[in-house]
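The values are calculated or read from the model by the stated rules, or taken from the named source; none is laboratory data. Because the structure is a prediction, the values reported are computed rather than measured. Cβ placement follows ideal geometry from the backbone for every residue including glycine, while neighbour counts extend to all protein chains displayed. SASA here: full protein model, heavy atoms, side chains in, ligands and nucleic acids out. Shrake-Rupley method; radii C 1.70, N 1.55, O 1.52, S 1.80 Å.
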Amino acid sequence: MTIARLLACSAVSLVLAAPALATDPDTVDLAAAEKRAVETVARMKPEEKTIITHGIMPLPGGGPKVDIPADAIIGAGYVQGIERLGVPALRETDASLGVTWVMGARNDWATALPSATSQAASWNPALIRRGGAMIGAEARAKGFNVLLAGGVNLARDPRNGRTFEYFSEDPLLSGILAGAAIQGVQSNHIISTIKHFALNGQETGRKYVDVKIASGAAHESDLLAFQIGIEQGQPGSVMCAYNRVHGAQACDSDWMLNKVLKQEWGYKGFVMSDWGAVPSIQAAIHGLDHQSGEQLDPGVFFGSQLADKAAADTAWATRLNDMNRRILTAIYAAGLDKNPAQPGGTIDWDAHALVAEDVAKQGIVLLKNEDGALPLAMTAKSIAVIGGYADGGVLSGAGSSQVMGKGGPAVKLPVAGSGIWAGFISESYHRSSPMAAIKAHAPNAIVLYRQGQYIKDAAELAARSEVAVVFATQWMTEGLDVPDLSLPRGQDSLIEAVAAANPNTIVVLETGGPVKMPWLGKVKAVVEAWYPGARGGQAIASVLFGETNPSGHLPLTFPAEESQLPRPRLDGSDWVEPDFGGNPKNGKDKLHADYDIEGSDVGYRWYARSGTKPLFPFGYGLSYTTFTHGTPVITGTAASVAVTNTGRRAGADVVQLYLTGRAGEPKRRLVGFGRVELAPGASGTVTMTVDPRLLADWKDGRWSIPAGDYTFAVGSDAERLSTPVAIKMNARSWKD
Ligand code: GLC
């Protein structure tokens, strides 16, 4: 049974398979693709061997000027093809959340998926596969054959400006979901990336920050997320990151690219650089196969300079053949040459919008619901809608992943003063008004709006209304981190004032990641809607009025305070200019991120180890119904948990199975999960296959688990756990 079908029929099943490349595990034979690649390389003339090894960013005004070929499409990347050999040009677009808008430069639009954190909150691989298939179809219909998707970096720091582009803090959840997204994208016969490899945990000084982490801890956390994502999704390309690891730039890291990715994991695809992430030609020897956006680097290293190296040195010539073979393997595995993507393809916009809406609905997390404040009654007479530009739309994240619908943003707030990034990043809201959707659900209610910049006025409206719904936003962008986890622009004071005026206050959060909630005790309900995408307004109203029963569960911990984090202050945030490129003014050798503090205990694992209680734990989420869980039944690596819907309405539950102890040592590791939809009173069973790597330590190239009692517990989140069951395990050690 292929991985894709396995995911569909059982909650979560991990199949230990060598990483390979395929558009659809059912239809593509990697060996055949690689064989074709070897044959094509053998037919290449010397001057043809440095054509597909580098490419430009075809974006007018995007950095240093380059000649843009006529057959390029405005977007992220263009790589010339080799017509004589039938090798297609590569036309690359961003990103994980849909086909990016490039500030309207291409004068078209796309369907915006909700943020990756929203997607992850669904804990639903099949749904995320659908989302990937949808955005991949739009990329293909626009003529792109590479989608720079698959952002999977672990949320080591919730202040990371790209938190909204990544799934979670856990390697299993992130890897499974990234793999599903990649499968969906590549089902369109286009290549997906997985990115940014690896340990890209902050945007502050992103090209200079040097990550320190022990190899074992990296293998058990960030690298494991990539390893699982590659096994499950089989991406044609891995995009290496900007940051440094152990002193080397990630795109120049022999350890990560050659030793881990290609030798330990046997990866057959190609490593493309991030844009402007290649320090020198030596990166080719250290495992980089393709220079992207070459005009952003200090030089075009992978063109004639590489040809000269190969002509003069057989080791370079051999390496150059390998680079071409890897790129061609990815092209053939995805079927780019046999299924050429052409602009002008048809797009079923309505169907795609519904995919985005489904994802948003399943990603919404109900964090608090006191006295049955939610769902709202359709018969409500007066509803105050306050803040969050809720009359116009829903917030989205900025940077290279920015997608925009038809007509561009409903609201666009410029945030960068000058330079090429000034137009590139702005605080933009999708044209999907929560207020309009609320009105549609309560046609007889008086629904009035206040933007919230006049707090007293907003509070007075709340006082006159039956219920007040306050929308609070936290904007995030690539290139910048948020300085802390407070809601910006004095929104906390706005919420306090509204709640004081009307105790029946509901807060809807549109955030990139976790935020603090000093007003939590004063409001009746809190809903986390994240960046909910093209139909976010409809999804939010559907949950608020109970048409959708919320089933989201947090994919990352919400801290109570920044002091709970392994690094209470982001290194460099006190002196690095918060500019897009993150270029520290005080010398690049001073910026470090010490991930050895927490090691592989990222997120909820850190809270369990440090004994601190967050505001809301990983995996947390309420419903309009209730569920009970049976005792986990574990036989070998097979696990199952019975679930019953004990409430009066249909709903979906996310069952989480945690390792809580290993040979007498306390542990907290998610080892399996599954989402199940149940009618009132119905029961079901979630089955999982536990990947032994999640029980193991990694050391000197091997996984090992000690003999002893292993205890497992079912969780509604990482804190509320059932009585553990103990399983005896024998000692075991193995290589990947
Ligand atoms: C960016 C991002 C990367 C994106 C690339 C092309 O700076 O880091 O995620 O795919 O450039 O736009």
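Rg/Rh, computed from the Cα trace of the chain with Rh as the Kirkwood radius, has the value 0.96. Normalised per residue, the accessible area of the chain is 33 Å², obtained with a 1.4 Å probe and no contribution from ligands, DNA or RNA.
Only four residue types carry charge here, +1 at the Cβ of Lys and Arg and -1 at the Cβ of Asp and Glu. Report the dipole size of the chain about the Cα centre in Debye, rounded to the nearest 20.
Details: 67 positive and 74 negative charges, 162 e Å.
My answer is approximately 780 debye.
A run of the chain free of exposed loop cleavage sites, with trypsin sites (Lys or Arg not before Pro) counted only in DSSP states other than H, G, I, E and B and at most 12 other beta carbons within 10 Å, reaches its longest extent at 66-337. For segment 472-525, the mean projected area of the C-alpha convex hull, equal to one quarter of the hull surface, is 3.6 nm². The gain in end-to-end length when the MET378 to ASP313 segment is fully stretched comes to 15.9 nm, 0.36 nm per residue minus the alpha carbon separation. Just to verify a number: FRET efficiency for GLN451 and ASP700, C-beta to C-beta distance, R0 = 45 Å, to 0.05? It comes out at approximately 0.15. The calculated Kirkwood hydrodynamic radius for segment 65-166 is 15.1 Å, given to one decimal from all distinct C-alpha pairs.
Three semi-axes describe the equivalent ellipsoid of segment 623-734; taken as square roots of 5 times the Cα gyration tensor eigenvalues and ordered largest first, they are 30, 12, 11 Å.
Taking N as the residue count of segment 57-334, its C-alpha radius of gyration divided by 2.2 N^0.38 Å amounts to 0.94.
Pairs with C-alpha atoms separated by more than 24 Å, drawn from the list LYS667/LYS699; LYS207/LYS613; LYS613/LYS667; LYS212/LYS259, are LYS207/LYS613.
One decimal place: the segment GLN305-ASP322 gains 4.4 nm when fully extended, by the rule 0.36 nm per residue minus the C-alpha distance. Label sites at LYS45 and ARG569, each approximated as a point 7 angstrom past Cα along Cα to Cβ, lie 6.1 nm apart. Annotation: amide H-H contacts under 5 Å for VAL245 (H modelled 1.01 Å from N, sequence separation of 5 or more, or interchain): VAL211, ALA250.
The alpha carbon radius of gyration of segment 435-586, expressed as a multiple of 2.2 N^0.38 Å, is 1.18. Summarising the label geometry, the points placed 7 Å from Cα in the beta-carbon direction at THR626 and THR685 lie 2.6 nm from one another. The longest stretch of the chain left intact once loop-based GluC sites (Glu not before Pro) with at most 14 other Cβ atoms within 10 Å are removed from consideration, loops following DSSP, is 1-546. Computed over segment 115-208, the range of Cα coordinates on each principal axis works out to 36, 29, 17 Å, biggest value leading. Only DSSP H runs of four or more residues enter the estimate; each adds -39500 (n - 2.57), and after division by the residues of the chain the mean residue ellipticity at 222 nm equals -7000 deg cm²/dmol.
Tell me, what is the FRET efficiency for ASN339 and ASN730 to the nearest 0.05, using R0 = 41 angstrom and their Cβ-Cβ distance as r? Before the final figure, lay out the partial values.
Values: r = 48 Å, r/R0 = 1.17.
Taking R0 as 41 Å, the efficiency between ASN339 and ASN730 is 0.30.
What is the local net charge at ALA696, summed over the other residues whose Cβ is closer than 12 Å to its Cβ (Lys, Arg +1; Asp, Glu -1)? Walk me through the intermediate numbers first.
Working: positive: ARG662, LYS667, ARG669, ARG693, LYS699, ARG702, ARG732, LYS735; negative: GLU220, ASP691, ASP697, ASP736.
Net charge around ALA696: +4.
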